[in-house]
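The values are calculated or read from the model by the stated rules, or taken from the named source; none is laboratory data. Predicted model only: the values in this text are computed from it and were never measured. Please note: Cβ atoms are built from the backbone with ideal geometry, for glycine as well, and neighbour counts cover all protein chains shown. SASA here: full protein model, heavy atoms, side chains in, ligands and nucleic acids out. Shrake-Rupley method; radii C 1.70, N 1.55, O 1.52, S 1.80 Å.
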Amino acid sequence: MTAHHSDLVVLGGGSAGYAAAIRAAELGSSVVLVEKDKLGGTCLHRGCIPTKAILHAAEIADAVRDAASVGVTATFEGIDVAGVTAFREGIVAKKFAGLAGLIKARGITVVAGEGRLVVDGDGPAVAVGEVTYRGTDVLLATGSHTRTLPGIEIGGRILSSEEALALAEVPASVIVLGGGVIGVEFASAWRSMGADVTIVEALDHLVPAEDVASSKALERAFRKRGIVARLGSRFASVSQTDAEVSIVLSDGSELAADYLLVAVGRGPSTAGMGFDEAGVVLERGFVSVDERLHTSVPHVWAAGDIVPGLQLAHRGFQQGIFVAEEIAGLRPVVVAEQSIPRVTYSHPEVASVGITEAAARTAHGDRVAVSEYNLAGNGRSEIIGTGGIVKIVRLVDGPVIGVHLVGDRVGELISEGQLAVAWEAHPEDIAPYVHAHPTQSEALGEAFLALAGKPLHAL
């Protein structure tokens, strides 16, 4: 076999992999990046970016329908699916070209092909066909894939998120199996585009990982929009014909629609790539790592969706940078999982950082204080026509430990919440700072003021 050597070999070109490659190259390392598909991975081509482009088109559709309420004469004539697709693909193409240019400018060698981890007496390497790319260090960043449930096979009228992106029509009706982030976002977009949508969620709330107050606020907003949520309902079986798909729930009830979207989460892509054989310890398919992202094999690291925890592109991106700096001896700061912001880009959006009120009370009992501010009192929210809440969780006489937001565009506010949680700021520290008027950020300011004992617009 032909062999090549570099300082770092990265297996996977998604958010974690390309971030590590770029940062390592900036720090003077020679880097080989192995990717079987396209640079940017799921996030750029089949996840974050294309779905948010569709959600933006859905937002425009809602705005046109409601234009008369703000004195604008406009007529909604329908969704041009081909036009939405062209818009989405144009954005992806631009971002892909930009990323490819960055990789080339840094002198990173990109290898197209399926890589397999190999560890022998000479250390770690990635084999691609008959060629071996040996690195002083190897980073595993192979991402994730769509999960399904026993008894469900993707195909025909049964879709994963990838098939949903490729649909050439807006369904007249759709069932979304799973009320987490992916399911809620597609449900929101389809409803805005005119579909009848039913979400089936096995747990008691939509976006069940969020604070209950956020979940309830989203559920109220979805009911108002006509989105049906069957909560606490478990899937039993599915069947399809050329005309429709039907599912039976565990209580015996049956639902039918044009399509079924299976949105029950994503699993780590680690099978068949030599990880087990190389001695990398796996648990339920995820790569076991220490807090500094070492695997069980010397000089082999892992980052992104294959590492247990939040499966978020920005988490993978940060971990990729972390590994590159750790290898370079810079000893970067470990970012706690609870300091990573989370955003669901539905209408309305749900954003959070830190821990929920329930988790805080379990951990700290009566030492927890909460402030909740309704966006109905916020001028900017009233102007853009959104409702929602701001909820702050703190320790009594202590720092902010959770920030939870619901409302259109609140994802843009969560970085302030991240700073408050990550820097262990007290509301009294934040209260003196001025939030521009009129902005939605004022709602955060009001909640901090309330927890500091001096509410102005809240009782």
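Can you name the residue in the stretch 152-171 that is of a type in the set (Gly, Ala, Ser) and part of a loop (DSSP other than H, G, I, E, B) and is also farthest from ALA236 (Cα to Cα) among such residues?
Per the stated criteria, the residue is ALA168.
Where strands (runs of 3 or more DSSP E) fall wholly inside the stretch 237-294, the ranges with 2 or more residues that are out of contact with any helix residue (DSSP H, G or I) (no Cβ under 8 Å at 6 or more places or on another chain) and at pLDDT 95 or above are 245-249, 254-257, 259-262. Taking the conditions exactly as written (surrounded by fewer than 20 Cβ atoms within 10 Å (Cβ to Cβ), of a type in the set (Val, Ile, Thr) and outside any helix (DSSP H, G or I)), does VAL10 satisfy them or not? It is false that VAL10 is surrounded by fewer than 20 Cβ atoms within 10 Å (Cβ to Cβ), of a type in the set (Val, Ile, Thr) and outside any helix (DSSP H, G or I). The criterion of being outside any helix (DSSP H, G or I) and touching a Pro at 6+ places or on another chain (Cβ under 9 Å) holds for VAL197.
Would you check if there is a residue in the stretch 34-51 being part of a helix (DSSP H, G or I), under 17 Å from GLU185 (Cβ atoms) and open to solvent by 50 Å² or more (accessible area, probe 1.4 Å)? Looking for residues that are part of a helix (DSSP H, G or I), under 17 Å from GLU185 (Cβ atoms) and open to solvent by 50 Å² or more (accessible area, probe 1.4 Å), one finds at least one in the stretch 34-51, hence yes. Is it fair to say GLY151 is surrounded by fewer than 16 Cβ atoms within 10 Å (Cβ to Cβ) and either touching a residue at least 40 places away in the same chain (Cβ under 8 Å) or not basic (Lys, Arg) (or both)? Spelling it out, GLY151 is indeed surrounded by fewer than 16 Cβ atoms within 10 Å (Cβ to Cβ) and either touching a residue at least 40 places away in the same chain (Cβ under 8 Å) or not basic (Lys, Arg) (or both). Among residues that are closer than 30 Å to ASP7 by Cβ and open to solvent by less than 50 Å² (accessible area, probe 1.4 Å), GLY101 is included. Which of the residues that make up the stretch 1-40 are in contact with a Phe, Trp or Tyr (Cβ under 8 Å, 6 or more places away or on another chain), among the small types (Gly, Ala, Ser) and closer than 30 Å to ALA164 by Cα? Of everything in the stretch 1-40, those that are in contact with a Phe, Trp or Tyr (Cβ under 8 Å, 6 or more places away or on another chain), among the small types (Gly, Ala, Ser) and closer than 30 Å to ALA164 by Cα turn out to be SER15, ALA16, ALA19, GLY40. Being open to solvent by less than 60 Å² (accessible area, probe 1.4 Å), basic (Lys, Arg) and under 26 Å from GLY47 (Cβ atoms), is that true of even one residue in the stretch 337-359? Yes, the stretch 337-359 contains at least one residue that is open to solvent by less than 60 Å² (accessible area, probe 1.4 Å), basic (Lys, Arg) and under 26 Å from GLY47 (Cβ atoms). One residue stands out in the stretch 22-33 among those that are farther than 13 Å from THR136 by Cβ and touching a Gly at 6+ places or on another chain (Cβ under 8 Å): the one that is surrounded by the most Cβ atoms within 10 Å (Cβ to Cβ), namely LEU33. The residue that is least open to solvent (accessible area, probe 1.4 Å), among those in the stretch 212-235 that are without any contact (Cβ under 8 Å) to a residue 60 or more places away in the chain and in a strand (DSSP E or B), is ALA229. Taking the stretch 380-396 as the range and being touching a residue at least 24 places away in the same chain (Cβ under 8 Å) and open to solvent by 40 Å² or more (accessible area, probe 1.4 Å) as the test, the residues that pass are ARG380, ILE383, ILE384, GLY385, GLY387, VAL396.
Quickly run through the stretch 236-274 and pick out the residues that are closer than 30 Å to PRO308 by Cβ, among the polar types (S, T, N, Q) and open to solvent by 40 Å² or more (accessible area, probe 1.4 Å). Once the filter is applied, which keeps residues that are closer than 30 Å to PRO308 by Cβ, among the polar types (S, T, N, Q) and open to solvent by 40 Å² or more (accessible area, probe 1.4 Å), the stretch 236-274 yields only SER250.
Of all the residues in the stretch 156-173, those that are open to solvent by less than 20 Å² (accessible area, probe 1.4 Å), closer than 15 Å to ILE79 by Cβ and over 22 Å from the mean Cα position of the chain (by Cα) number 1.
Based on this model, can you work out whether GLY129 counts as within 30 Å of VAL245 (Cβ to Cβ) and either exposed (fewer than 13 other Cβ atoms within 10 Å of the Cβ) or touching a helix residue (DSSP H, G or I) at 6+ places or on another chain (Cβ under 9 Å) (or both)?
No.
For the stretch 325-334, indicate whether the set of residues that are touching a residue at least 12 places away in the same chain (Cβ under 8 Å), open to solvent by less than 40 Å² (accessible area, probe 1.4 Å) and at positive phi is non-empty. Within the stretch 325-334, not a single residue is touching a residue at least 12 places away in the same chain (Cβ under 8 Å), open to solvent by less than 40 Å² (accessible area, probe 1.4 Å) and at positive phi. Would you confirm whether or not the stretch 156-174 contains a residue that is free of Cβ contacts under 8 Å to residues at least 12 places away in the same chain and not polar (S, T, N, Q)? Yes. Go through the stretch 367-423 and give me each residue that's assigned to a helix (DSSP H, G or I) and not aliphatic (A, V, I, L, M). Correct list: ARG367, GLY377, GLY379, ARG380, SER381, GLU382, GLY411, GLU412, SER415, GLU416, GLY417, GLN418.
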